[in-house]
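Only one structure is covered here, and it is reproduced in the block below.
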């Protein structure tokens, strides 16, 4: 690496303490936040928004689980139940998970990791945020003015004939898509052009690789969702005859269009989670990551193969046997890069001196939960098994293990990992671990039961069920309370830390990537001077762990 | 394009450094060099164009599937389109692509204002051809509206050649040419912006990024029409 050193790295310590981006005297007041082009401030604003969405979506989830305590109607009738799970799904997918890691943590961390002053297009970044807010307001409006009961997938012909605010909700998804595209364009251009001197593609931190692969999917898949939503609105408003079979349309065409985006969107959700895990594991194992290039390239492989598997959502919708077989094969194929990642992470941890701080606790939870979520995906990709399990709780449990057990757990791990960097404050480590434990236990109580129910034939999206499922349903609901309690404790712990003094050192975990080379929280322009690359990321043989690291 | 930037390649030091070297007025602080800024913008534009292709791609796929489903209706529908008007519009856009290229060439070779006139003239010509396209489109649309050849539930054509599901063809005709028309209007707005800034003398061989990027966008708008024209007007 010696040949790529451009200039000696400039450490904050050599220059004394500078005003950080939160308390910069040149940028004060609400307005300085609302029209900021600073990627860090935008990341923080995105963070508050996605956390609010997570809270609202979580409340709907608790309501859904509560209704399922007993068969029959408890406090919601069938229509209200349909609305509750639709809003849970739509809010969690479009307002929380998709923007969570890229737009909130990615915005904050990615330019820092590259040693850049900002993203390539700061004003586009600001636009992305306000477009997101506009879309979120439209989504909330659709709840107020009539609700949506189609499920988050908006399948035709139901979505073209049902009442309620489906048009408003689908237009909200269209608008949110632009926010996602803007973020994606920004990140691809940033990674291509704003790397620090000497940082080649294979000196990029793996978080950057994951976010880069995600951004490619965001750019290439989201426009198709956009046009699909427009066509759906056109069909609802003007009966253009594309999706409605009564006037010569094809409802399955909608499913193809929808999943052409929404299956890659699954990788928009999980790749950033994997990106965070690739950072946490080497840092807390104090070890050079095993198989760097394979992890990096497997992100790109997932992004590319992920475009070719959408048909596995339609095995029961009338697909030709040949098409179904090809989609099934490609679905198995896309599992390989995920497996490569998991084995490389485990190999990194093998015989390492692991410190189980809160972020690492989340990362190990991720390995187990994502392992279950990924493997059950293989079951569902198998044609004959899927006919039995399609639209049952098995599917619900599978994607919650990936989305919540994978992405959300990684997001929480990332929050705990970068919280000291973002806000300059350490949270209570013991409380953080307890919260993680509760989340892990509560999550498994909630969703492991659903695998059993699904394999026994419990269909998804029903507000009532056969009596035989009641013990498992009740256990699942109790689990949702444990999960909710764990999340609340984590939130109180993190938020509570914000009231304390700025006590975080620049590099509390002994991380090797560039974001730890600047002070916590970073100065407005990120670095004093242009940082350069002295060693590969995760190269603990040549990296001196600072003495104030935990 | 990089040869056009040699004049302003200056190493931009970190924040707080004392940089006395010359600093281009349109150089944003987070880019080290003007060349880096240009390259980043260009990547951004290409990515945006990719999203545009995929946006239209959804309509093209939908059109293809519906055409195979209702082929008789689509053939009957296309007889109501005037291929001569479509061909005229194709010519307008092809010529406007040429004038746009000339504008980019003029901007990238504009030293001390020596290509200023060529730049502004070609931008005005491009705007003019785009306007001509919209005028032709206006006559085409009003003819369809008069005949009741409208999308979806507004379709009320009752002529002798009426075929079931003919409205689907006009749904796609209006959605595809309508979305394309909005892109032409957007392009006209962007070209107007370029003309205003060109008149101020903002674009020189050191900095002509907006001309280059909007030029790329304009070519895509033309290219989409090149596909729309045979697809809608010339099917058989």
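Here are the numbers for the structure shown:
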| read-out | value |
| --- | --- |
| Mean residue ellipticity (222 nm) of chain B, computed from DSSP H runs ≥ 4 via -39,500 (n - 2.57), nearest 500 | -24500 deg cm²/dmol |
| Descending Cα extents along the principal axes, region A:338-397, whole Å | 46, 22, 12 |
| Mean residue ellipticity (222 nm) of chain A, computed from DSSP H runs ≥ 4 via -39,500 (n - 2.57), nearest 500 | -21000 deg cm²/dmol |
| Taking B:218, A:201, A:516 and counting other C-beta atoms within 10 Å, the order from fewest to most | A:201, A:516, B:218 |
| Enclosed volume per residue, in Å³, of the convex hull spanned by Cα atoms of region A:417-506 | 106 |
| Shape of region A:171-253, Cα gyration tensor, a/c cut at 1.5 | prolate |
| Square roots of five times the Cα gyration tensor eigenvalues for region B:30-233, Å | 39, 18, 11 |
| Kirkwood hydrodynamic radius of the protein assembly as shown, from inverse mean 1/r over distinct Cα pairs, in Å | 28.2 |
| Alpha carbon centroid spacing (whole Å) that separates region A:29-66 from region A:147-208 | 16 |
| Largest-first principal axis extents, alpha carbons of region A:14-112, Å | 67, 25, 20 |
| Mean Cβ count within 10 Å, highest first, over the residues of peptides A:135-141, A:490-496, A:183-189 | A:183-189, A:135-141, A:490-496 |
| Cα shape, region B:57-136, gyration tensor, a/c 1.5 rule | prolate |
| Relative exposure of B:42, A:351, judged by other C-beta atoms within 10 Å (fewest first) | A:351, B:42 |
| Global geometry of region A:103-167, whether rounded, prolate or oblate, following the gyration tensor of its Cα atoms and the 1.5 cut on a/c | prolate |
| Using alpha-carbon coordinates, inclination of helix A:206-238 to the longest axis of chain A, degrees | 30 |
| Relative frequency of Cα-Cα separations exceeding 18 Å in region A:201-306, percent | 57 |
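Rule-based calculations on the coordinates, nothing more; no lab input. Here the structure is a predicted model, which means the values were calculated and not measured. Every residue, glycine as well, gets a Cβ built from its backbone with ideal geometry; the counts of neighbours run over all protein chains shown.
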